[in-house]
1. Assuming 0.36 nm per residue, please report the length gained on full extension of the stretch Leu33 to Arg11 beyond their Cα-Cα distance.
2. What full-extension length gain, to one decimal in nm, is calculated for Val111 and Tyr93 as 0.36 nm per residue of separation minus the Cα-Cα distance?
3. Just how large is the dipole of the range 1-102 about the Cα centre, in debye to the nearest 20, putting +1 at every Lys and Arg Cβ and -1 at every Asp and Glu Cβ?
4. What is the dipole size for the chain, taken about its Cα centre, with +1 at each Lys and Arg Cβ and -1 at each Asp and Glu Cβ, in debye to the nearest 20?
5. Which whole-angstrom value gives the distance between the alpha carbon centres of the range 150-177 and the range 45-77?
6. With a point put 7 Å past each Cα toward its Cβ, work out how far Phe152 is from Ile119 in nm, to one decimal.
7. Using a 1.4 Å probe on the protein heavy atoms, what percent of the accessible area of the range 92-136 belongs to carbon and sulfur?
8. Before rounding to the nearest 500, sum -39500 (n - 2.57) across all DSSP H runs of length at least 4 in the chain and divide by the residue total; then give [θ] at 222 nm in deg cm²/dmol.
Amino acid sequence: EQGRRLELVARRARALLLLPAGLWYALLLVAPLLVLLVFSFGTRGPNGGYVPGFTLDQYGEIHTRITPFVNTVWYATLGTIACLIVAYPLAYYLATRAGRRKFILLALVVVPLWTSFLIRTYAWMFILGSNGFPKIWDELGLGRLVLLNTPFAITLGIVYNYLPLMILPLFVNLERL
């Protein structure tokens, strides 16, 4: 009898401990996906926006929207490979050769994460835009240089923003070895 009570208390405790994580999961992952699913069956309004309804027209036109999907997969793959090429040697160095400088170098990897993703992206947009590096290039007499909205700029932004998120797990795993 007491064993059953203890088991019931343990189940309730587990459920109570899982409740906050389950609510966050439902609120931040499941709810937005449900909203996206509902919107996918509606139609676009005459001035943009969403008009409620149930139609499969959006799914019938999906073949006309393949280019953004292909571009997303391409840049994600390219960004992942570029991050790995840069992150692995750095993580290896941090895990095996950094010595006393390890924590300073790790701080240099982590500190950019303290700044908003959006602000870091806008900073790169300024650097690569017409008032940043291309202006210096032009003033040196080397001609007009366009970097913003190029495949190079997109890849650079992906690598810069996600590089710490690849360095840290690699570092932890290499240090354990």
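The values are calculated or read from the model by the stated rules, or taken from the named source; none is laboratory data. What you are looking at is a predicted structure, and each value in this text was computed from that prediction instead of being measured. Note that we place each Cβ from the backbone using ideal geometry, even for glycine, and neighbour counts take in every protein chain shown. These accessible areas exclude ligands, DNA and RNA; they are computed on the full protein's heavy atoms, side chains included. Shrake-Rupley method; radii C 1.70, N 1.55, O 1.52, S 1.80 Å.
1. Stretched fully, the Leu33-Arg11 segment lengthens by 5.0 nm.
2. Stretched fully, the Val111-Tyr93 segment lengthens by 4.6 nm.
3. Approximately 820 debye in magnitude.
4. Here the chain has a charge dipole of around 740 debye.
5. So the two Cα centres are separated by 30 Å.
6. It is 2.8 nm.
7. 72
8. The per-residue figure over the chain is -23000 deg cm²/dmol.
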